[in-house]
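The numbers here are math on the coordinates, done by the rules we state, and not lab data. This is a predicted model, so every value here is computed, not measured. Virtual Cβ from ideal backbone geometry, glycine too; neighbours counted across all protein chains shown.
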Amino acid sequence: MAPMRSKSKPWLVTAAIVAGAAVGATGVASAATSSPPATAAGGAGGATRPPNPAAVTHGPGETLLSGTDLIKARSAALGAVPGATVIRAETDSSGAATYEVHLRLADGTYETVQLDASFAVKATVKGFGPPPPGAASRGMAPLGAAPGPR
């Protein structure tokens with residue numbers, strides 16, 4: 001009597017091959033369609049554009065404020081720039097201040113209110129303020145008054 005061949009084994013092998021090919025094709029397609037990092041407009045040496053600062057949760061090396069600190073920072077910033085919308089309030093890693101509050105103005109531009117340790121306003125800066133230390137050496141362009149690409 002001839003040995004019985006399993007009818008399910010060839011189908012299982014075929015299904016595994018098809019699944020493997022699909023996963024491989026997806027990886028190749030993803031790599032082929034990924035876009036390279038954007039370069040800063042007019043930037044020399046192919047400097048990469050930092051992410052849109054209005055869309056990130058907090059700046060590099062910075063911590064979002066919460067609780068009483070958040071309330072004090074928001075109040076001070078909105079007192080300095082009435083009618084603005086608070087994007088976020090955080091510690092400041094640039095060394096220019098202890099805290100900073102990023103605001104969107106009615107005309108769509110951005111300002112940063114820099115606060116000292118007592119939440120007193122030190123300065124109001126157009127845009128998102130100075131970049132963190134070492135950003136230029138990492139090829140990051142300075143953050144301007146307008147957001148990055150949307």
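List of remarks:
- Residue that is surrounded by the most Cβ atoms within 10 Å (Cβ to Cβ) [pool: residues in region 63-86 that are among the hydroxyl-bearing types (S, T, Y) and farther than 20 Å from F128 by Cβ]: S75
- Residue count for region 94-109, restricted to those that are under 16 Å from G127 (Cβ atoms) and surrounded by 14 or more Cβ atoms within 10 Å (Cβ to Cβ): 10
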